[in-house]
Amino acid sequence: MRFLFKLIFILIIGALGGILGTRLLLPYLASKPYFERFELIRQSAGGTTIINKQEQVVIRENEAFEKAVNKVSPLVVGIRSQKGGKTVFEGSGIAITADGLILTLNPSLAVSGQQYYVFYNGDKVLAEAQEKDLETNLALLKVEASNLPVTTFGPEEMPVWGESVVLIGADIAETGLKKFINSGIVSVLEEENFEVNIREDNKSFIGGPMINIEGEVIGVNNIDKAGKIVVLPVKQIKEFLNKAF
């Protein structure tokens, strides 16, 4: 019985010591210049003790991607192509110049006689197809616009295997343009494209941007019938744009 009382007494004293140490002693030491070099004491001044540094890194990465998505999302528009009043393709596009040049990817690009419409800011605007590449299915559309936000492209080098990425798409709904995101990591690197480790059934992502943690566009999304995401990288995009200008 005495042993039990001693154990309880020790636990109570230990708990009180911990509270006094974190609430009084550590903040006091943090105010002294000599102790500022100790990380645990520095963090106590702000009321934060980091237990799991890996968790802190994940939180910071999530915050960075939130900023990246907020930066790029306004650049993403909805694309619809029609022939004879029937929809041939619906997907996404990216505003790349302030005066209305839109980059997209259309798997049905070979269908002749299509009319293109761009949806943004609540408007549906007829677009002119200025350049097409039937090999990559990239297309450059032009709408009458001004002061559009402009895309920032990432480096021409392929992303790193295992790099975290986010894809953004726009869905044309009766109530307006809805935007979606999904995230994953680069899982396959090939000479002409790269793949992400997720499957996606929403074809609205086709033609939309793949972005990195800096909010840079590192590719344009395509989705095959199995839902595999295959991304055309910046190098191919710039080669296509160089032909157009």
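The values are calculated or read from the model by the stated rules, or taken from the named source; none is laboratory data. Everything numeric in this text was worked out from a predicted model, so none of it was measured. No Cβ is skipped: glycine too gets one built from the backbone with ideal geometry, and neighbour counts run over all protein chains shown.
Listed values, structure above:
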| quantity | calculated |
| --- | --- |
| Subset of the range 134-154 that is surrounded by fewer than 18 Cβ atoms within 10 Å (Cβ to Cβ) and over 21 Å from Ile206 (Cα atoms) - its residue that is farthest from the chain's Cα centre (by Cα) | Glu144 |
| Strands (runs of 3 or more DSSP E) wholly inside the range 102-218 that include at least 1 residues being in contact with an Asp or Glu (Cβ under 8 Å, 6 or more places away or on another chain) and among the β-branched types (Val, Ile, Thr) | 123-133, 164-173, 176-189 |
| Filtered residue count, the range 224-245, keeping only those that are closer than 21 Å to Ile172 by Cβ and either at pLDDT 95 or above or buried (at least 24 other Cβ atoms within 10 Å of the Cβ) (or both) | 1 |
| Yes/no for Gly208 being closer than 24 Å to Val150 by Cα and either outside the structural domain of Ile102 (by TED's automatic domain parsing) or touching a residue at least 40 places away in the same chain (Cβ under 8 Å) (or both) | yes |
| Extreme residue, nearest to Ile211 (Cα to Cα), among residues of the range 35-89 that are at pLDDT below 85 and crowded, with 18+ Cβ neighbours inside 10 Å | Ser44 |
| Conditions (1) without any contact (Cβ under 8 Å) to a residue 24 or more places away in the chain; (2) polar (S, T, N, Q); (3) within 19 Å of Asn137 (Cα to Cα): number failed by Asn182 | (3) |
| Condition met for Gly176 (within 17 Å of Ala95 (Cβ to Cβ) and in contact with a Gly (Cβ under 9 Å, 6 or more places away or on another chain)) | no |
| Any pair with Cβ under 9 angstrom, 6 or more apart, that starts in the range 83-105 at a residue that is within 28 Å of Asn147 (Cβ to Cβ) and ends at one that is among the acidic types (Asp, Glu) | Glu90/Asp171; Ser92/Asp171; Asp99/Glu144; Gly100/Glu144 |
| Looking only at the range 187-205, and only at residues there that are without any contact (Cβ under 8 Å) to a residue 40 or more places away in the chain and surrounded by 23 or more Cβ atoms within 10 Å (Cβ to Cβ), the one that is farthest from Lys142 (Cα to Cα) | Val196 |
